[in-house]
Structure formats: C-alpha cells, structure tokens
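Please read the structure below before turning to the comments.
The values are calculated or read from the model by the stated rules, or taken from the named source; none is laboratory data. Treat the numbers as computed from the prediction; the structure is a model and nothing was measured. For neighbour counting, all protein chains shown are included, and Cβ atoms are generated from backbone atoms with ideal geometry for every residue, glycine included. Ligands, DNA and RNA are excluded from the accessible area calculation, which covers all protein heavy atoms including side chains. Shrake-Rupley method; radii C 1.70, N 1.55, O 1.52, S 1.80 Å.
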Amino acid sequence: MIARLWATAGAVLPVAAAMGQDKGATVRVSAPVIWAFLGYPFEAGSMIAALCACVAVRFYVTQSDRKAHRWSVDIPVSALTLLFTAGMVISQRPEPLWALMMGTGIGALGAGIIKIALTWVQRVSGPLAPPQE
C-alpha cells in the first residue's frame, strides 16, 4: 500500500511542477504581412504572387511571338501591366490565389489595357476631339 502511494506521488509531482511553471499558454494566430506603398496598405504575399504572375506571362508572350513584338513596345506595355496589377492588388486586397489569377489575366491583356483605358476615358469624358490646326 505504501509502495503504491509513493509510485503515485512520484508520477504526480513532476506533472504538478510542470503545471506550476506554465504561466499560461497562448494561441498564436498567423496574420498576413502588410506592406505599404505611398500610404496604401496591401498584403505582401498577394502582391508578390500577382507581380510574379504578370512578369511570367509577359515574358511568355514576348518569347512566344518573337517576330510580332519589339522591345520598344514590350517594355512599356510590361511596365503598364505591372502597374495595373499592383493597383488592382492594392485596391482589391485579394487572397494570394486570386491575386495570382489577377496578375496572369492583366499580364495576358498586355496592350489591350490601353484600348480598355481609352474606352473608359472616352465614356467618362466624352469622345476626344481631334487636334485643331
């Protein structure tokens, strides 16, 4: 009987000592890393995913149709698609998967962005008048 009491105490004492040292367990919740550019906050993971997808698509388009593209056109169009992608991520704050899809789509649009933007400007401000001489 005494041996059983000592065995139980020997098992309980280390557990009680360990519980006494634990000041309180906390649960850590992960949160996305937030960066800011010119005062606009955005999730870093979404921005990286979108910009990498946009660069990859622009590189693919440039390499796949080498004769039709010139660097003097591809560089400004690629810069424009990167800026539109960054603007969409900042304004929409999508999850990384949707940011990846957004970057791919905007990168594939390429020069079509200019036509879309011109149509939008004409709709908002009326048709642009030709220059008068």
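Quick one: ranking Ser72, Ser46, Ser78 by accessible area, 1.4 Å probe, largest first, what do you get? List each step's numbers first, then the result.
Working: Ser72 90, Ser46 5, Ser78 30 Å².
Ranked list, largest accessible area first: Ser72, Ser78, Ser46.
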ask   = How do Met101, Met88, Met47 rank by accessible surface area computed with a 1.4 Å probe, from largest to smallest?
value = Met101, Met88, Met47
query = Got a number for the accessible area of Trp35? Probe 1.4 Å, square angstrom, nearest 10.
reply = 120
query = Leaving out ligands, DNA and RNA but keeping every protein chain, what accessible area does Val29 have, in Å² rounded to the nearest 10, with a 1.4 Å probe?
reply = 120
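Once you list every other residue whose beta carbon is under 11 Å from the beta carbon of Glu43, what net charge do they have if Lys and Arg are +1 and Asp and Glu are -1?
Working: positive: Arg93; negative: Glu95.
It works out to a net charge of 0.
How do Arg93, Arg70, Arg123 rank by accessible surface area computed with a 1.4 Å probe, from largest to smallest? Intermediate results must be reported in sequence, preceding the final value.
Working: Arg93 100, Arg70 140, Arg123 170 Å².
Heavy-atom accessible area, descending, gives Arg123, Arg70, Arg93.
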